[in-house]
Amino acid sequence: YVLDFVERQYEHILDQPEYLFYQAFRALSEDAQCLYIRLSNRKGNFFRIEKIDYAEIKDLHAAKSVLLETGFVAINESLDLDQFGLFTKSELLALFDFLVKDQRKAMMLEELTEVDISSLHAHEEIIELKKIEEVSFIQLLFFGNREGQMTEFVIRDVGNVKIQQLDESKFKPWFETREEALAVMHVSQLKTIVRQAIKLEFPIASFLEDVPWTDWLSHPRANQPTEKLLLEIAYHFEQRGMPEEALSYYVHSKKHPSRERRIRILQKLGREDEAIVLAQEVITDPANASEHVFASDYLNKSGIRISRSMTKMLKDAPTISIEKNGTKSVEQAVLDHYKSLGWDGFHAENFVWRGIFGLVFWEEIFDEDHGSFHHPLQRLPSDLHDATFFASRTTQLSDKLKRFKTRKQWTNHLTSIYSSKKGTANRFVIWHDSLLTQVHCLVSMVPLFALKEVLLEMAKNMKENSTGFPDLFIWKGKRYHFYEVKSPNDHLSAQQLFWISFLKDRKVKADVLRIEYL
């Protein structure tokens with residue numbers, strides 16, 4: 001299925017290496033195809049032939065011979081030390097008498113060298129998977145990244161996950177050009193190399209000199225993974241006490257917390273003027289609430305007064321006293337306290353707000369017309385965490401909300417979507433038995449104009465704004481309140497401050513609630 005799908009969708013990208021793979025694979029016997037698929041979906045590139053046993057492969061040795069003849073696998077050719085990991089500790093002790101029985105297997109593997117590989121090969125045949133690059137590239141074209149797993153088909157087909165049905169005719173290729181797809185492939189490969197080098201404490205500066213960062217960043221699909229890798233590399237240099245090198249990588253990334261880290265480094269280097277200019281830039285156009293709070297604090301400490309609303313909110317917060325109970329969370333203890341006073345309530349936090357968002361905007365989330373669905377296993381649009389999600393759907397989302405003029409219309413829509421889509425995968429909706437009751441409860445009390453504005457604000461930045469909502473929702477009759485519970489040593493996060501301020505500004509009853517223990 002994947003081969004056929006990629007061939008249809010990516011005629012403009014496929015080139016000689018993939019077409020040669022297609023031709024060779026389709027010429028294999030069915031048993032050989034099954035064996036290669038099985039091996040390519042397992043971890044690692046080496047396999048012990050005597051441990052291979054699949055019911056659908058009728059003649060394993062014939063399938064192995066076909067794969068050998070056609071170059072899809074090789075036997076006992078590689079000197080890669082990973083082959084030792086295929087054997088148990090007792091098997092290694094039996095093969096190599098210089099190993100010490102009391103050693104951990106990891107220590108044994110460190111003592112084995114390329115010289116010992118011949119003894120291993122004399123003992124047993126080991127298959128090495130070939131044509132890995134071609135398979136990886138084809139899977140990249142299908143999934144959009146190298147992390148996609150073919151087991152997604154199994155999860156869907158055995159019914160573990162119910163996936164929203166999508167119109168395949170509207171699928172858009174992940175990549176516009178072969179260069180863009182290769183850029184994503186190369187970023188992913190470099191990430192693996194960098195992480196391995198850091199793990200082994202190898203210097204990484206030298207082999208990063210000729211990396212085409214600017215070229216990779218220019219491709220829409222390669223931009224995000226490239227920025228993430230730049231942050232990893234910059235943070236590595238910062239941790240190693242190499243601030244100038246760290247700055248040279250942070251400056252290429254627009255992803256949070258690159259500007260925060262740059263401000264910190266500039267301040268340590270005594271370049272306060274540059275740090276202040278950058279902090280003021282953040283205040284003008286923050287990436288998220290956390291970055292804004294950091295820049296505000298930095299400017300305050302530098303003598304440039306910025307309102308410190310977090311400190312004021314904590315100072316002005318109401319306080320209640322409860323007994324400390326190690327068997328229950330502080331949030332549950334607060335709920336019990338209010339219930340003893342005749343209030344009802346539940347732990348709302350992100351669960352209910354995300355649930356409302358996912359149910360209200362179900363059709364908009366899964367609308368294929370925006371070109372953000374690329375294969376049938378997708379559970380959410382590819383632009384969900386991108387600014388284009390809101391930009392391309394602003395009118396659509398606003399028009400949907402305008403349809404709901406009464407609380408009854410809200411609850412009817414929520415109930416209808418809940419009933420028709422129950423169990424279908426949607427990252428915002430957790431199909432808990434309490435969900436529908438709780439979203440109805442919120443809709444019955446929160447001002448409708450505020451509810452609409454919260455959902456639109458979430459849509460503007462789904463990565464950041466779908467978290468940080470107050471812990472508890474309580475009510476008594478027609479009175480209600482949201483509370484973000486803070487125990488004596490707990491701190492208010494920037495995102496929690498953002499949402500409490502946002503709700504209060506829209507006449508929603510929301511506060512921080514400070515706890516004192518009796």
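For the reader, a short list of remarks on this structure follows.
- Of the residues making up segment 273-280, one or more are in a helix (DSSP H, G or I), open to solvent by 30 Å² or more (accessible area, probe 1.4 Å) and of a type in the set (Val, Ile, Thr).
- Ser136 vs. criteria polar (S, T, N, Q) and surrounded by 17 or more Cβ atoms within 10 Å (Cβ to Cβ): no
- Test result for Val429, open to solvent by less than 70 Å² (accessible area, probe 1.4 Å), touching a strand residue (DSSP E or B) at 6+ places or on another chain (Cβ under 9 Å), in contact (Cβ under 8 Å) with a residue 60 or more places away in the chain and of a type in the set (A, V, I, L, M): no
- Thr467 being out of contact with any helix residue (DSSP H, G or I) (no Cβ under 6 Å at 6 or more places or on another chain) and either at pLDDT below 95 or surrounded by fewer than 17 Cβ atoms within 10 Å (Cβ to Cβ) (or both): no
- Matching option when the condition is touching a residue at least 60 places away in the same chain (Cβ under 8 Å), touching a helix residue (DSSP H, G or I) at 6+ places or on another chain (Cβ under 8 Å) and either within 25 Å of Ser487 (Cβ to Cβ) or in a loop (DSSP other than H, G, I, E, B) (or both), among Ser290, Ser321, Ser296: Ser290
- Single residue of segment 162-182 satisfying the filter (in contact with an Asp or Glu (Cβ under 7 Å, 6 or more places away or on another chain) and part of a helix (DSSP H, G or I)) that is most open to solvent (accessible area, probe 1.4 Å): Lys170
- Residue that is open to solvent by 40 Å² or more (accessible area, probe 1.4 Å) and among the aromatic types (Phe, Trp, Tyr), where the choices are Tyr19, Tyr10: Tyr19
- Among the residues here, His256 qualifies as closer than 30 Å to Ser382 by Cβ and in a loop (DSSP other than H, G, I, E, B).
- Candidate set: segment 22-44, residues that are part of a helix (DSSP H, G or I) and among the hydroxyl-bearing types (Ser, Thr, Tyr); chosen: the one most open to solvent (accessible area, probe 1.4 Å): Ser40
- Condition check for Ser78: out of contact with any Gly (no Cβ under 9 Å at 6 or more places or on another chain), in contact (Cβ under 8 Å) with a residue 40 or more places away in the chain and in a loop (DSSP other than H, G, I, E, B): yes
- For first residues located in segment 185-206 and closer than 28 Å to Phe175 by Cβ, partners that are in a helix (DSSP H, G or I) and polar (S, T, N, Q) and lie 6+ apart or on another chain with Cβ distances below 7 Å form the pairs Val187/Thr226.
- The set of residues in segment 82-129 being of a type in the set (Phe, Trp, Tyr) and more than 25 Å from Ser65 (Cβ to Cβ) consists of Phe84, Phe96, Phe98.
- Scanning segment 353-385 for residues that are more than 21 Å from the chain's Cα centre (by Cα) and within 28 Å of Gly477 (Cα to Cα) gives Ile356, Leu359, Val360.
- Total residues in segment 46-59 satisfying the condition of being open to solvent by less than 80 Å² (accessible area, probe 1.4 Å), under 16 Å from Phe87 (Cβ atoms) and under 35 Å from the mean Cα position of the chain (by Cα): the figure is 4.
- Unique residue being out of contact with any strand residue (DSSP E or B) (no Cβ under 7 Å at 6 or more places or on another chain), β-branched (Val, Ile, Thr) and farther than 21 Å from Trp499 by Cβ when the list is Thr424, Thr406: Thr406
- Checked against (1) assigned to a helix (DSSP H, G or I); (2) open to solvent by less than 50 Å² (accessible area, probe 1.4 Å), Arg262 passes all but condition (2).
- Gly159 being small (Gly, Ala, Ser), loosely packed, with under 14 Cβ neighbours inside 10 Å, outside any helix (DSSP H, G or I) and within 30 Å of the chain's Cα centre (by Cα): yes
- The single condition from (1) touching a residue at least 60 places away in the same chain (Cβ under 8 Å); (2) open to solvent by less than 60 Å² (accessible area, probe 1.4 Å); (3) in a helix (DSSP H, G or I) that Thr411 fails is (1).
- Scanning segment 364-407 for residues that are open to solvent by less than 10 Å² (accessible area, probe 1.4 Å), more than 13 Å from Gln165 (Cα to Cα) and not in a loop (DSSP other than H, G, I, E, B) turns up Phe389, Arg393, Leu397, Lys400, Leu401.
- Matching residues in segment 342-363 - criterion: being loosely packed, with under 15 Cβ neighbours inside 10 Å and either outside any loop (DSSP other than H, G, I, E, B) or without any contact (Cβ under 8 Å) to a residue 60 or more places away in the chain (or both): Asp344, Glu363
- Residues within segment 207-222 that are without any contact (Cβ under 8 Å) to a residue 40 or more places away in the chain and assigned to a helix (DSSP H, G or I), tallied: 8
- Residues that are in a helix (DSSP H, G or I), of a type in the set (A, V, I, L, M, F, W, C) and more than 20 Å from the chain's Cα centre (by Cα) within segment 117-155 comprise Ile117, Leu120, Ala122, Ile132, Val135, Phe137, Ile138, Val154, listed in sequence order.
- Any hit, segment 79-86, residues being polar (S, T, N, Q) and more than 37 Å from the chain's Cα centre (by Cα): no
The values are calculated or read from the model by the stated rules, or taken from the named source; none is laboratory data. These numbers come from a predicted model, not from an experiment. Reconstructed Cβ throughout: ideal geometry from the backbone, glycine too, with neighbour counts over all protein chains shown. Note: areas computed on protein heavy atoms with side chains; ligands, DNA, RNA excluded. Shrake-Rupley method; radii C 1.70, N 1.55, O 1.52, S 1.80 Å.
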